[in-house]
Amino acid sequence: MRKFFTIALALVLCAAAFAQETNRDENGKIKYGPYQTNKFWDNWFIGAGIGGNGHVDRIRDLFDGERPDLARGGTPAFQVFAGKWIDPCYGVRGVVQGWKGGHFNDNKDFKYWTVNGDFLVNASNLFWGYKEKRVYNLVPYASVMAIFSEGHAFGVGAGLLNTFRISNSFNIFLDLRTGVARQTITGAGVGGKILVNTASVGVMYNFKKNNWTRCSAACGKGDAAASAAAAQPKATQEELEELQKARENALNAATAANNAAAAANNAAAAANAATAAALQQQQQKPQPAQEPAPAKAAPAEEPAPAPAQAAPAQKTVPTQEVQQAIQELKDVQFATGKPSLDERAEKNLDTVADYLKSNPDVRIEVAGHTDNTGTDAINNPLSQKRAEVVAGYLKDRGVKDSQIEIKGYGSKKPIADNSTAEGRQQNRRVELNIL
């Protein structure tokens, strides 16, 4: 029996090198939890093995030199167990083991078996981080036990479970256990304690699911985001329908404006083509020869007639992209009492600025508007300020001051109903009108 324990201890010490296998991140640091909580039926395992029992009758007699054969157990034993890992480091297990117990000094044979409840600590995962495919795991445990023979007794114990991975589902294990209980299990009723030792090897089967999912840094953020979203007040069905209707109306209006702009562009293009054709035809007609005028006496000097003024240059018709940008500015509303621009408005203003710089003879009116919230003493300066913000943006992009006329109309020119929140929002706007 002594040789058996010596061999088992050597196996554990030789396998210690496997325990150094670590689970490290990209910076070389060991990764520890947290892990997502498993369900009740996850990470269960069962096992069975065979080995040997060894006992010492009355521990106090270990030091009695006249009784050298106190520990003559060393008989075969079996072991079966089932357990569950609560997380990668801690688990519980129930064990039934026993068969033959051996005999005492009086050569009286007896049998015993034990029922154990073990609290497992996976030291490999605890100290070196969880790794799903680690070959060797070192699992010490504490135990409470009940021993049954001619009598019965309760005791405590400890042990060392060593597992060697074969696959995701199967492990080979070496289990070394010791426990102490009252000596009354022999039925003799004498005092003292009995020391029970067991060593066994066998196979362990891990049920699916038998691994762990590490919780990422965003693990808790999803729950926080969901809680924040749930805390937001929900719009009523009536408000959603009204908002959807307003969006549809705005889309229809934009579509109609785009169609009108396209028709105007086509008409302007046709007019330009007709004018160019007429001019070309006029230039191709032969001019009648002029006869020389008869010589006349030089009349009295008269003031020279004023030179004919050149016809005004024809303005370039804004492209459809420019007209669409101007139209969309009506859909860019302002927050109540604020004149600040958003990113969408700045993008449209960039398009208008490019058009105005390419056509320095074109002038525009920048018209600011408000809803009917507040008095004229507040709304008129606010609308003027909104118009100045837009005009200032255009000037910063290179548009000349002479091309811009700024006007604040306050709440005098609404385009929507001020009795609703959506209508008031549409009225808080800035419009560009080509002069």
Exercise. May I ask you to list pairs of residues, at least six apart or on different chains, whose Cβ atoms are under 9 Å apart, with the first in region 386-402 being over 11 Å from Ala367 (Cα atoms) and assigned by TED's automatic domain parsing to the domain that holds Arg429 and the second being of a type in the set (S, T, N, Q) and surrounded by 14 or more Cβ atoms within 10 Å (Cβ to Cβ)?
Key: Leu394/Gln403
Quiz item: Which pairs have Cβ atoms under 9 Å, sit 6 or more apart or on different chains, and link a residue in region 240-254 that is more than 13 Å from Gln425 (Cα to Cα) and at pLDDT below 90 to one that is among the charged types (D, E, K, R) and part of a helix (DSSP H, G or I)?
Solution: Glu242/Glu422; Lys245/Glu422; Ala254/Glu328
Quiz item: Within region 179-198, can one find any residue that is part of a strand (DSSP E or B) and modelled with pLDDT of 90 or more?
Solution: no
Quiz item: Residues in region 100-116: is at least one under 24 Å from Trp44 (Cβ atoms), in a strand (DSSP E or B) and at pLDDT 90 or above?
Solution: yes
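Test of understanding: among Glu343, Glu431, which residue is crowded, with 18+ Cβ neighbours inside 10 Å, within 44 Å of the chain's Cα centre (by Cα) and acidic (Asp, Glu)?
On the way: Glu343 fails: crowded, with 18+ Cβ neighbours inside 10 Å.
Answer to the selection: Glu431.
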Quiz item: Given the structure, is Val362 over 24 Å from Ala253 (Cβ atoms), touching a residue at least 12 places away in the same chain (Cβ under 8 Å) and of a type in the set (Val, Ile, Thr)?
Solution: yes
Quiz prompt | Single residue of region 123-156 satisfying the filter (among the aromatic types (Phe, Trp, Tyr) and in a strand (DSSP E or B)) that is nearest to Asn168 (Cα to Cα) | solution = Tyr136
Quiz item: Could you say which residue among Gln287, Gln281 is loosely packed, with under 10 Cβ neighbours inside 10 Å, outside any helix (DSSP H, G or I) and modelled with pLDDT under 85?
Solution: Gln287
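The values are calculated or read from the model by the stated rules, or taken from the named source; none is laboratory data. In this text, all values refer to a predicted model and were calculated from it rather than measured experimentally. All Cβ positions, glycine included, derive from the backbone under ideal geometry; neighbour counts span all protein chains shown.
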